[in-house]
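Notes follow the structure.
Bear in mind these aren't lab numbers, they're just calculated from the coordinates by the rules spelled out. Keep in mind it's a predicted model, so treat the numbers as computed, not measured. Heads up, the Cβs are rebuilt from the backbone with ideal geometry, glycines too, and the neighbour counts pull from every protein chain shown.
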Amino acid sequence: MSITSKPTLTSLQLQSPQTTDATLPVVETFHSLQGEGVHGGRSAFFIRLAGCSVGCQWCDTKVSWPQFNHPREPISSLVQAVREARNAGAGFVVITGGEPLHHDLTDLCCQLETEGLPLHLETSGVDGITGRFAWICLSPKRHHPPRSENLQCCHELKVVVHEPDDLSFALSMAAAATKAGNRPTLLLQPGWQSTAGQRLCLDFVRSNPGWQLSLQCHKWLGIR
Ligand code: SF4
């Protein structure tokens, strides 16, 4: 006669599949207006992920660089926050950073898709794209150029300008996108409080109608 012991609660707990919820390091989330770029002035919910190794000297979110300084949040919490923002009028979600592509965004995008808001990505493009986005704003950096395939799929190419070499870089990025068969909206954005950057952008855009000026309206307005 075989003896089959009843499973105990402890053994059931050990055998149950784990209901782990994927997490991502988050600097902040907030509902505001998109401050810059093609969608500037529109109501958006921002998810700022932690971690960036690109190291721009003029970066205005250096607090985001060390990802382990920031708590990991379950994706389900981010989905809930997006739901609340949608009910409060947000028209789209911006995944930004830091450099969000340092993380695998597949799960985040999959779960956010159920909320029905377009997902936008703000990236320097140094890593491959994960997840699915309705809008990709590629902001390439001269000292750490993007992966070429990201120039092929971005919708918006936004180059920050401080000095003349940034204009040459912007032109080379636009040419690479065109060569790859892409026609993103081309934007030049003066570095914050860079008088030289402002002058360069104004002069360039005035004589190059294929380019547009992008201003960081949120900084001018003193909002987040
Ligand atoms: Fe800052 Fe963005 Fe440059 Fe990273 S890529 S250093 S977050 S400006």
So the angle from the long Cα axis of helix 75-87 to the longest Cα principal axis of the chain, reported in degrees to the nearest 10, equals 60 degrees
Quick one: which residues, 5 or more positions from VAL27 or on another chain, have an amide H under 5 Å from its amide H? H modelled 1.01 Å from N in the peptide plane, none for Pro or chain starts.
ARG48, LEU49, ALA50
In degrees, nearest 10, range 0 to 90: what is the angle between the Cα axis of helix 195-207 and the longest Cα principal axis of the chain?
70 degrees
How big is the charge dipole of region 121-224 about its Cα centre, in debye rounded to the nearest 20, if each Lys and Arg gets +1 on its Cβ and each Asp and Glu gets -1 on its Cβ?
160 debye
May I have the count of lysine pairs in the chain with C-alpha atoms under 25 Å apart, counting pairs 8 or more residues apart or located on different chains?
8
In degrees, nearest 10, range 0 to 90: what is the angle between the Cα axis of helix 164-179 and the longest Cα principal axis of the chain?
60 degrees
Residue exposure sequence - GLU115, GLU149 - by fewest surrounding Cβ within 10 Å
GLU149, GLU115
If you place +1 on the Cβ of every Lys and Arg and -1 on the Cβ of every Asp and Glu, how big does the dipole about the Cα centre of the chain come out, in debye to the nearest 20?
180 debye
